[in-house]
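The values are calculated or read from the model by the stated rules, or taken from the named source; none is laboratory data. None of the values given here were measured: they were computed from a predicted structure. Every residue, glycine among them, receives a Cβ derived from its backbone with ideal geometry; neighbour counts consider all protein chains shown. Only protein heavy atoms, including side chains, enter the accessible area calculation; ligands, DNA and RNA are left aside. Shrake-Rupley method; radii C 1.70, N 1.55, O 1.52, S 1.80 Å.
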Amino acid sequence: DEVYQWIQEVYPSGDGRVWGSLQPDRLAERFIGTRLSKTPTLVDDALTVSTEEQRTGALTVLARAARHDAFASQLDEHLTALCTRNSATLAGPCIAASTQVTSPGPLLTALQLISADPDASLDVLKHLSDQLPRASHNLAEWAAELGARLVDALRFRAGTAPDAFNPDLASALNNLGIRLSSLGRREEALAATREAVDLYRRLAQDRPDAFNPDLAMALNNLGMMLS
C-alpha cells in the first residue's frame, strides 16, 4: 500500500490511473540508460520504422538519462556514436533534441563530428543549416561553426560557377553574420555581413527584382551591427 501510494504521488495521472505520465520520467530514463549501456546498438533497428518526432523524443530521453549520476557520463560516447553512425536519420532529431535538454553535450559532439566530416557533402551541410532554429543558446556555438563550414564550401564552388552558387553564398554569409553577432564576435560578424552585402549588390545589378529584397535585408543587418 505504501508503494502504491508513493507511485500515485510521484506519477499523478489525473484520470484515475495508477501510473501517470510525469515528464521527465526519471525511472524510465534510468531503465533506458541501463539498457543502452549494455546494448549500445539497442536503438538502431528502431530508426527505420520510427517517425521524426519519435526519434527526437528518443534522443531527448537518452540525453537526460546520460546525466544520471548512476552512469557517470558513461553513456555520452554511446549516445554520440549512435547519432554519428545514423546521421542520415538522426541529424535533424539531434538538432531538435539539443534545444530541449539542459545538458546536450553528447548531441552537440555528434553534430560537430557530422558537420566537420571531410566527406560531408554540400547538400548535407545545407540540410543541417536549414533545420537550425533562428536562435538557440545550446546550439549557438555549433551553428556558427556550421555556418562557417557552409560558407567555405559555397565559396569554393562559387569560384568555378559563380552564377550558380553566389546567391547561396550571399545567403550563407548573411546568416553567418547573424550567428557570429549573437555570440558577441562582432568583427567577424561585420566582415561576413559586409561580404554578403557586396555579393547581393552585384547580384541586384543584374536581377534587381530577384535580389533587391535580399540586399535590403543584408543592409539592415549591416546597419544594426554598425549601430
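Assorted remarks:
- Summed over segment 196-213, the residues that are within 25 Å of the chain's Cα centre (by Cα) and open to solvent by 20 Å² or more (accessible area, probe 1.4 Å) give a count of 0.
- None of A143, A153, A135 is in a loop (DSSP other than H, G, I, E, B) and within 26 Å of G92 (Cβ to Cβ) except A135.
- Boolean, L47 is in contact with a Ser or Thr (Cβ under 6 Å, 6 or more places away or on another chain) and surrounded by fewer than 19 Cβ atoms within 10 Å (Cβ to Cβ): yes
- If you filter segment 88-106 down to residues that are buried (at least 19 other Cβ atoms within 10 Å of the Cβ) and over 17 Å from V124 (Cα atoms), you find that the one that is nearest to the chain's Cα centre (by Cα) is S98.
- Qualifying residues in segment 7-44 (those that are modelled with pLDDT under 80 and open to solvent by 100 Å² or more (accessible area, probe 1.4 Å)) - the one nearest to F71 (Cα to Cα): Q23
- Scanning segment 179-188 for residues that are surrounded by fewer than 22 Cβ atoms within 10 Å (Cβ to Cβ) and either within 17 Å of N212 (Cα to Cα) or within 19 Å of the chain's Cα centre (by Cα) (or both) yields a total of 3.
- Total residues in segment 135-167 satisfying the condition of being open to solvent by less than 60 Å² (accessible area, probe 1.4 Å), more than 12 Å from S115 (Cβ to Cβ) and in contact with a helix residue (DSSP H, G or I) (Cβ under 8 Å, 6 or more places away or on another chain): the figure is 9.
- Some residue of segment 45-55 being touching a residue at least 40 places away in the same chain (Cβ under 8 Å), assigned to a helix (DSSP H, G or I) and closer than 19 Å to T102 by Cα: no
- Scanning segment 50-61 for residues that are buried (at least 18 other Cβ atoms within 10 Å of the Cβ) and under 16 Å from the mean Cα position of the chain (by Cα) turns up R55, T56, A58, L59, T60.
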